[in-house]
Amino acid sequence: MEVERVQAIASLSLTTDTIPAEFIRPEKEQPAITTFRGPVQEIPTIDLSDPDQENLVRSIANASKEWGIFQVVNHGLPTDVIAKLQAVGKEFFELPPEEKEVYAKLPGSQSIEGYGTQLQKDIDGKKPWVDHLFHKIWPPSAINYRFWPKNPPSYRDANEVYAKYIREVADKLFTSLSLGLGVEHRALKEGAGGEDIVYMLKINYYPPCPRPDLALGVVAHTDFSSLTILVPNEVPGLQVLKDDHWIDAKYIPNALIVHIGDQIEILSNGIYRSVLHRSTVDKGKARMSWPVFLEPPGEFVVGPLRQLVNEENPPKYKAKKFKDYAYCKLNKLPQ
């Protein structure tokens with residue numbers, strides 16, 4: 001293996017009760033020091049089956065303006081569909097290393113698809129305590145099955161069924177988010193790529209860590225997607241920055257966690273905000289999460305919706321191709 005996977009490092013570290021220096025975050029990022037322990041508001045939880053459409057739209061819009069994140073319940077995604085997605089993902093990460101490496105990211109590839117470890121450059125040379133698997137689950141024309149595990153055998157079926165349901169949830173969210181801005185119900189979806197929106201699944205695997213006080217699974221970032229819809233496992237770890245405090249997201253069984261991403265912040269001209277978030281790790285248990293990033297096609301140009309821009313409210317963001325936005329963000333270049 002060319003790259004040492006965090007899962008392998010973790011299995012060695014558990015016997016020593018230490019972690020390699022490159023995983024120790026600077027003090028200003030260490031979760032033991034920076035997690036807020038006082039009384040805090042909880043991330044909003046929204047019932048997607050609310051029969052009062054105006055109340056639903058208002059709740060989603062307010063959460064997206066004030067938090068940039070919310071949890072949804074009664075979302076129409078069957079619990080067994082979520083359970084199967086989680087089961088096959090967990091089975092993949094329990095495979096022997098050589099079986100997982102078959103799906104490794106291709107060297108020199110511009111795509112992030114595949115099994116891997118570090119994603120973004122870190123200026124200080126620090127590493128996150130996580131391995132991952134990325135692959136597209138929709139539309140069919142974007143899918144490369146080379147990155148879909150063949151073991152477990154039910155992996156493909158579980159992901160295809162999940163893709164069908166997650167698109168229905170996404171459409172409901174886009175509708176409410178658009179109406180919350182006072183624009184036509186399809187405005188945000190069309191502005192983010194319409195029927196060509198790419199659904200990129202990521203499975204995050206955070207192995208048990210002997211020093212969860214010093215390490216982070218994923219460092220503080222905003223998502224460059226339009227929306228991110230995430231399924232967590234029962235091990236908490238997601239934290240969001242609210243009023244300059246890092247606060248824990250409460251685990252709600254079968255809830256979906258919805259992040260506003262950079263593209264919706266841009267489309268809304270800053271009315272909705274992309275949430276700054278990070279992941280902590282656990283000493284005794286593996287944490288896993290299944291975010292799906294809803295991304296515009298690479299050549300698609302995203303900018304503030306025309307309906308939201310005027311002389312009093314000029315555009316706050318440059319319109320640009322999504323692939324150029326993503327390149328700048330991954331390489332920490334100015335937008």
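For the stretch 183-188, 3J(HN,Hα) computed residue by residue from phi via the Karplus equation (6.51, -1.76, 1.60; θ = phi - 60°) reads 10, 4, 5, 9, 4, 5 Hz, glycine and proline entered as x. Once the Cα atoms are used to define both axes, helix 155-180 deviates from the longest principal axis of the chain by about 40 degrees.
Pairing the Cα long axis of helix 79-93 with the longest principal axis of the chain, what angle in degrees results, from 0 to 90 and rounded to the nearest 10? That works out to roughly 40 degrees. Scoring 218-228, 79-89 by mean Cβ neighbours within 10 Å over their residues and listing the highest first yields 218-228, 79-89. Solvent exposure of the chain, expressed per residue, is 45 Å² of accessible area, with all protein chains present and a 1.4 angstrom probe. Among the listed pairs Lys136/Lys321; Lys84/Lys172; Lys189/Lys323; Lys90/Lys150, those with a Cα-Cα distance over 21 Å are Lys84/Lys172. Across the stretch 131-139, computed HN-Hα scalar couplings (Karplus, 6.51 cos²θ - 1.76 cosθ + 1.60, θ = phi - 60°) run 10, 8, 10, 10, 7, 7, 10, 6, x Hz from first to last residue, x flagging Gly and Pro. Alpha carbon centre of the stretch 202-236 versus the stretch 157-201: separation in Å? The distance from the Cα centre of the stretch 202-236 to that of the stretch 157-201 comes to 23 Å.
Peptides 235-247, 127-139, 293-305, 11-23 ranked from most to least packed give 127-139, 293-305, 235-247, 11-23, packing being the mean of other C-beta atoms within 10 angstrom over each peptide's residues. The three principal axes of the C-alpha atoms in the stretch 10-75 carry coordinate ranges of 55, 25, 20 Å, sorted with the longest axis first. Cross-link partners for Lys242 among the aspartates and glutamates, with Cα-Cα distance under 12 Å and sequence neighbours closer than 8 places in the same chain left out: Glu42, Glu66. Positive-end ranking of Val73, Pro31, Ala87 along the dipole of the stretch 1-106, with charges on Cβ about the Cα centre, is headed by Pro31.
Helical runs (DSSP H, four residues minimum) scored at -39500 (n - 2.57) apiece and divided by the length of the chain put the mean residue ellipticity at 222 nm at -8000 deg cm²/dmol.
Of the residues Val40, Leu12, Pro296, the one whose Cα sits farthest towards the positive end of the charge dipole of the chain is Leu12 (charges of +1 on Lys and Arg Cβ, -1 on Asp and Glu Cβ, taken about the Cα centre).
Of all DSSP-defined beta bridges confined to the chain, some 90% are antiparallel rather than parallel. Taking the accessible area of the chain, probe 1.4 Å, and keeping the other protein chains in place, the carbon and sulfur fraction comes to 53%. Peptide packing: for 256-267, 181-192, 154-165, 42-53, the average count of neighbouring Cβ atoms within 10 Å per residue gives the ranking 256-267, 181-192, 154-165, 42-53, highest mean first. All distinct Cα pairs of the stretch 256-302 go into the 1/r average, and the inverse of that average, the Kirkwood radius, is 13.2 Å. Taken along the Cα-to-beta-carbon direction at a fixed 7 Å, the label points for Asp213 and Asp50 span 4.1 nm. Across every direction, the projection of the convex hull enclosing the Cα atoms of the stretch 268-335 has a mean area of 6.6 nm². Which lysines does Lys126 reach when only Cα atoms under 23 Å apart count, and residues fewer than 8 places away in its own chain are ignored? The qualifying lysines are Lys28, Lys105, Lys202, Lys283, Lys285, Lys329, Lys332.
Histogrammed with a bin width of 10 Å, the alpha carbon distances of the chain distribute as 5, 26, 35, 25, 7, 1, 0 percent, first bin at zero.
The values are calculated or read from the model by the stated rules, or taken from the named source; none is laboratory data. Worth saying up front: this structure is predicted, and the values here are computed from it rather than measured. Cβ atoms come from the backbone with ideal geometry, glycine included; neighbour counts cover every protein chain shown. Quick note on the areas: whole protein, heavy atoms, side chains included, nothing else; ligands and nucleic acids left out. Shrake-Rupley method; radii C 1.70, N 1.55, O 1.52, S 1.80 Å.
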